[in-house]
Ligand code: SF4
């Protein structure tokens, strides 16, 4: 797999002269550079690639100004009057092209957008930590609207955010990624409240669904290198996928995880069955007509998303929990966006 290197860069006029923009353009010399007014209105701009397709995802990088705020309550915590879980939007979109990616139903175009007014973002994070994290446990996620580290080579945002977490032991920063080789980009001696987490699927699901991403094997090697550098590592089986042979696929993935990673350096597992909104379902059908992601039985849930039929979800979760606990009976395992009933069926049955 070729590492992502854009061919076209679209730069918002207002940050064209910013020092970080200049640095990125220098490090990507040879790309065609196009000035645009607003990354949210790409259809109106005069640029070579537009729309939501593999061409724009793999070949374009947009440099933009984030008007702020860049820290927002995490989905699920939005109705909470005092949320404790947030995401940090340092970028929108990502250069990888996973067929199940929920961002396909979220953004109008597929180009990854990197916000270069990083000082504003870091200042907001520092203020947020001071205001919220002093009051109790708070979690910040990077990797909600983008892969947390896919653009790190040019942004350096995670490396700058990590030291800010020092002094806030009640807060935690999670960097969720599918990248490999990231250990070289992250600082030495991280505070203990940083988790670098990898989303993993079995080999055959990776081949079918996760275009341009590093293989699960090299991601696990990168996770190992991060453990050796002092980082806590998280494993995210989200989306967990049902396909013919999923049981043995996950068994072999979980075996590999425990062959390479120290169990005491794994912060937690998060498991979430594949789910999709109607917009995402249409995007998947339109972009990948022969994909089998939507073939199992789904039910529409209260939040409007389709999830695997409950007995199927429960058997998927039970199987994965059994496999993980077979390697480490003390492993901390969470289910993502599931009902209390499903939690009971999985953990108390
Ligand atoms: S790596 Fe994550 S953000 Fe990027 S396309 Fe895949 S699912 Fe979407």
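Some observations on this one:
- Sequence-separation-based contact order of the stretch 1-158, relative, with Cα cut under 8 Å and 6+ spacing, percent: 25 percent
- For the stretch 192-247, the fraction of alpha-carbon pairs lying more than 12 Å apart is 67 percent, rounded to a whole number.
- Equivalent-ellipsoid semi-axes for the stretch 76-206 (Cα gyration tensor, √(5λ), whole Å, largest first): 24, 18, 15.
- Mean silhouette area of the chain, derived from the convex hull of its C-alpha atoms and averaged over all directions, reads 17.3 nm².
- Listing 300, 219 from fewest to most neighbouring C-beta atoms within 10 Å gives 300, 219.
- Relative contact order %, the chain, counting alpha carbon pairs below 8 Å whose residues are six or more apart: 12 percent
- Shown here is the pair-distance distribution of the stretch 9-155: with all Cα-Cα distances grouped in 5 Å bins from zero up to the longest one, the shares run 2, 9, 18, 21, 19, 14, 9, 5, 2, 0 percent.
- Among 243-255, 167-179, 135-147, sorting by the average number of other beta carbon atoms lying within 10 angstrom of each residue, highest first, gives 167-179, 135-147, 243-255.
All of the numbers you see were taken from the coordinates with simple rules; none came from a lab. Being a predicted model, the structure only gives us computed values, none of them experimental. Here the Cβ is made from the backbone with ideal geometry for all residues, glycine too, and neighbour counts use every protein chain on show.
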